[in-house]
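Only one structure is covered here, and it is reproduced in the block below.
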Amino acid sequence: MTAPVLEVSGLRVAFAHPRGLVRAVDDVSFTLAPGERFGLAGESGSGKSTLALSILRMIKPPGRIEGGEVRFLGKPVAALDEEGIRQLRLAGIALVPQGSMNSLNPVLRIGAQIADAFADHGLRLGRREADERITALLAEVGLPTSVARMYPHELSGGMKQRACIAIAICLRPKVIIADEPTSALDVVVQRQVMATLARVQQDLGAAVILVGHDIGLMAQFVDRLGVMYAGRLVEVAPIGDIIARPRHPYTRALIAALPSLERRGALTGIPGLAPSLLDLPEGCAFHPRCALATARCRGERPAVRQIGGAAVACHLA
Amino acid sequence: MSALIEAVALEKRYPGGLGREGTLALAGLSLAIDADRPQIIAVVGESGSGKTTLARLLLGLAEPSSGEVLYRGVDLRRLGRGERLAFRRDVQAVFQDPYGVYNPFYRVDHVLWTPIRRFRLARSRAAARELIDAALRAVGLRPEEILGRFPHQLSGGQRQRVMVARALLLRPKLIVADEPVSMVDASLRATILGSLRQLRDEHGISVLYITHDLATAYQVSDAILVLYRAHVVEAGAIEPVVSAPQHPYTQLLISAIPRAEAARSWLADEEETRRPQHAPDGAGCCFAERCKLAMPACLAAPPGLYRTEPGRVVACVQYRDRPTLPAGALGETLSLEFDGGTAARAAVQGE
């Protein structure tokens, strides 16, 4: 088996809040193989975006990485100095943050924004060479060369998102973390952008962490899926297994919450509300919303167990 | 009998600046929403298709370039004071962007208290607070976690649910909901959309559900209008349109939905839809440049709205042997009528 490109073990992130400590990421472990597509799914507030940010040590106060370790190509990220982590970002692990298409600089042409990324990472390129690389990058994400001379407002949402992917891959990273890259796009454009991401990822041989809540998108894109609930990974398994046989009741509920195109009126939400991280229930955090909950679920927090190819944190799995 | 809201040959053109051609945002759309028969009508299309323009016109927030919007038979631009107040109460809006609607200097409570005061919904503060709590709970929020906070302290999903709660407070006849769940999780989406259905069934409120998400539209709606670049390309009862789409654009929309199945053909199928196949020149069918089936006739002239079966119209030349909806002076007139909320029948209204 090849060495993982990324290893996350026992990662804990907490935010200081006037009413106590909010554990947004609680004891999360997973590995990412080179070229693998890994999905992180869960409701808003489940900690999936925080987890993505903490891999790059991008948690800002009052947030703090409390424990655990992230290793990139075998080396702990925590050991890097400021310059080292700056180089890791973009060149090693690129993040396409949530709503990134709205974070393009509105007064800078797309080409200049890509050139910025080169310059910022110490690449001294001549004008000709920079132009050539920008053209190649735009072609890679399926945008015409003319986009380099355009401002963000001249682009459609899908084109902006592709421009963001172009920036993300400009230093050929080993890992691309994409946080809900298509949540603001309609389905036809979403599929175009995801196909672009898949192609780029294959050309680069990079691994992808796709963060999102659309299980349909996960089913069609990722190889393996991690399901987060209240800051913890409650199930990790190959996507085919999860779709065919979800083991955690929360995973089942997430899949059932997806609107079906075959049966009308089959739309079922997940009963109850996601718990407040300030006031997590005793035992399994999902037990108040779980139809199968037993006394044990109410009292004892389930540890992650290996069942077949899956890792599941449920007493009943 | 006059409809609660009726759009008659509604057209909106935004002027171009500095010698640029204007943009046609909506081309001659007609639609009637009946107060007596609550229904959920989905308006589906990609960004730029004219969905939001339709919402703004129906709400009286934008003026049509031609055609008119009638509230109980009266043009919105000619409503009297009392009629206008009644219109503002009967027709509520939930917008796409849950950021822009809040004044960042006020606590979120402000958007809930304002309609209560403006429309005198409660006799006492306690009664008002009860109304607010119930409305918040109905959309899956905990009042104690929402009230007293500032907009920036809430997530986009929470902010949006507060807006749905605000609309609920007024017990309107029609809610125009423009992408109400596009920023909300799949799990909560079901909850909110379920409450839309509840509004229709228990409170007799109609909903114009504007969305790019055909899957949720299918789950909650009775009827659907598919828009593409300002034009209605397909309309009718939800079940036949989604289970057997007839317009190539509707077919594309449905095939582009990622499904939670083991079969993974979604990305592979993308290839063929990427490149425009015909240069757009504005003369023919609005979808011709992206259509796999496009033929010379598609580029020559825009198709009519053909009635392919009862309760179903499609704007595609494939169906040109079917009866055409007679065009009114300014475009096609389409009215969706419903029997018992499920069986649908499209009736033609002559101009």
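The values are calculated or read from the model by the stated rules, or taken from the named source; none is laboratory data. Being a predicted model, the structure only gives us computed values, none of them experimental. Virtual Cβ from ideal backbone geometry, glycine too; neighbours counted across all protein chains shown.
Consider region B:132-165. How many of its residues are over 27 Å from the mean Cα position of the chain (by Cα) and surrounded by fewer than 20 Cβ atoms within 10 Å (Cβ to Cβ)? Write out each step before concluding.
First, the residues of region B:132-165 that are over 27 Å from the mean Cα position of the chain (by Cα): B:133, B:142-150, B:152-153.
Filter once more, so that each one left must be surrounded by fewer than 20 Cβ atoms within 10 Å (Cβ to Cβ): B:133, B:142-145, B:147-150, B:152-153.
So the count comes out to 11.
On the basis of being surrounded by fewer than 19 Cβ atoms within 10 Å (Cβ to Cβ) and either without any contact (Cβ under 8 Å) to a residue 60 or more places away in the chain or closer than 30 Å to A:His17 by Cβ (or both), does A:Gly231 make the cut? Let's see the steps before the verdict.
Details: surrounded by fewer than 19 Cβ atoms within 10 Å (Cβ to Cβ): no; either without any contact (Cβ under 8 Å) to a residue 60 or more places away in the chain or closer than 30 Å to A:His17 by Cβ (or both): yes.
So A:Gly231 does not fit the description; no.
Report yes if A:Gly142 is within 14 Å of chain B (Cβ to nearest Cβ) and touching a helix residue (DSSP H, G or I) at 6+ places or on another chain (Cβ under 9 Å), otherwise no.
So A:Gly142 passes the test.
Mind checking which residues of region B:136-158 are within 23 Å of B:Thr211 (Cα to Cα), part of a helix (DSSP H, G or I) and either among the small types (Gly, Ala, Ser) or touching a helix residue (DSSP H, G or I) at 6+ places or on another chain (Cβ under 6 Å) (or both)?
Result: B:Leu136, B:Ala138, B:Gly156, B:Gly157.
Which of the strands (runs of 3 or more DSSP E) found entirely inside region B:1-106 contain at least 2 residues meeting this: closer than 30 Å to A:Thr182 by Cα? First the steps, then the outcome.
Numbers: elements: B:5-14, B:23-33, B:40-44, B:66-71, B:91-94.
Result: B:5-14, B:23-33, B:40-44, B:91-94.
Could you name every one of the strands (runs of 3 or more DSSP E) located completely within region A:158-268 that has at least 1 residues being of a type in the set (Ser, Thr, Tyr)? Let's see the steps before the verdict.
Working: elements: A:175-179, A:207-212, A:224-229, A:232-238.
It comes to A:224-229.
Search region A:55-73 for residues being farther than 13 Å from A:Leu88 by Cα and either among the β-branched types (Val, Ile, Thr) or not in a strand (DSSP E or B) (or both), and hand back the single one that is modelled with the highest pLDDT.
The initial filter retains those residues of region A:55-73 that are farther than 13 Å from A:Leu88 by Cα, namely A:59-69.
Now drop any that are not either among the β-branched types (Val, Ile, Thr) or not in a strand (DSSP E or B) (or both), which leaves A:59-62, A:65.
Numbers: A:Ile59: 88, A:Lys60: 86, A:Pro61: 87, A:Pro62: 86, A:Ile65: 92.
Step by step, filter region A:55-73, then rank; the result is A:Ile65.
Would you list the helices (runs of 4 or more DSSP H) that sit entirely within region B:194-276 and hold 1 or more residues that are closer than 12 Å to B:Val314 by Cα and more than 9 Å from every other protein chain (Cβ to nearest Cβ)? Write out each step before concluding.
Values: elements: B:214-220, B:238-243, B:248-255.
Once the helices (runs of 4 or more DSSP H) in region B:194-276 are filtered for at least 1 residues that are closer than 12 Å to B:Val314 by Cα and more than 9 Å from every other protein chain (Cβ to nearest Cβ), what remains is B:238-243, B:248-255.
Return yes when A:Ala253 is small (Gly, Ala, Ser), within 11 Å of chain B (Cβ to nearest Cβ), touching a Leu at 6+ places or on another chain (Cβ under 9 Å) and under 19 Å from A:Gly212 (Cα atoms) and no when it is not. Spell out how you get there, then give the answer.
Details: small (Gly, Ala, Ser): yes; within 11 Å of chain B (Cβ to nearest Cβ): yes; touching a Leu at 6+ places or on another chain (Cβ under 9 Å): no; under 19 Å from A:Gly212 (Cα atoms): yes.
No: the conditions fail for A:Ala253.
Can you tell me which residues in region B:300-351 are modelled with pLDDT under 50 and of a type in the set (Asp, Glu)? It would help to see each step written out before you state the result.
Keep residues of region B:300-351 that are modelled with pLDDT under 50, which gives B:327-351.
Listed by number, the residues that qualify are B:Glu332, B:Glu337, B:Asp339, B:Glu351.
If I filter region B:182-189 for residues that are among the acidic types (Asp, Glu), touching a strand residue (DSSP E or B) at 6+ places or on another chain (Cβ under 9 Å), outside any helix (DSSP H, G or I) and under 30 Å from B:Pro240 (Cα atoms), do I get at least one hit? If you could, list the steps in order and put the result at the bottom.
Looking only at region B:182-189, we keep the residues that are among the acidic types (Asp, Glu), and these are B:185.
Subsequent filtering for residues that are touching a strand residue (DSSP E or B) at 6+ places or on another chain (Cβ under 9 Å) retains none.
For region B:182-189, residues among the acidic types (Asp, Glu), touching a strand residue (DSSP E or B) at 6+ places or on another chain (Cβ under 9 Å), outside any helix (DSSP H, G or I) and under 30 Å from B:Pro240 (Cα atoms): absent.
I'm trying to understand the selection: among the residues of region B:71-113, which are crowded, with 19+ Cβ neighbours inside 10 Å and among the hydroxyl-bearing types (Ser, Thr, Tyr)?
Residues satisfying the conditions are B:Tyr71, B:Tyr102.
Given the conditions (1) more than 20 Å from the chain's Cα centre (by Cα); (2) crowded, with 23+ Cβ neighbours inside 10 Å, which single one is not true for A:Leu210?
Failing condition for A:Leu210: (1).
Please tell me if A:Phe221 is of a type in the set (Phe, Trp, Tyr) and in contact with a Lys or Arg (Cβ under 7 Å, 6 or more places away or on another chain).
Details: of a type in the set (Phe, Trp, Tyr): yes; in contact with a Lys or Arg (Cβ under 7 Å, 6 or more places away or on another chain): yes.
Judged against the criteria, A:Phe221 is a match.
Looking at region A:89-111, which of its residues are in a helix (DSSP H, G or I) and at pLDDT 90 or above? If you could, list the steps in order and put the result at the bottom.
Of region A:89-111, the ones in a helix (DSSP H, G or I) are A:89-91, A:100-102, A:110-111.
Hits for region A:89-111 are A:Ile110, A:Gly111.
Restricting to region A:263-293, and then to whatever is over 24 Å from A:Thr50 (Cβ atoms) and modelled with pLDDT of 80 or more, can you tell me which residue is nearest to the other protein chains (Cβ to nearest Cβ)?
For region A:263-293, the residue satisfying everything is A:Ala291.
Is there any pair linking a residue in region A:186-211 that is within 13 Å of chain B (Cβ to nearest Cβ) and farther than 18 Å from A:Gly99 by Cα to one that is in a strand (DSSP E or B) and of a type outside the set (Ser, Thr, Tyr), with Cβ under 7 Å and at least six apart or on different chains, and which?
Final answer for the pair search is A:Gln201/A:Ile176; A:Gln201/A:Val208.
Within region A:18-28, does at least one residue satisfy the condition of being outside any strand (DSSP E or B), crowded, with 22+ Cβ neighbours inside 10 Å and at pLDDT below 90? It would help to see each step written out before you state the result.
Of the residues in region A:18-28, the ones outside any strand (DSSP E or B) are A:18-19.
When the remaining residues are screened for being crowded, with 22+ Cβ neighbours inside 10 Å, the result is none.
No: zero hits.
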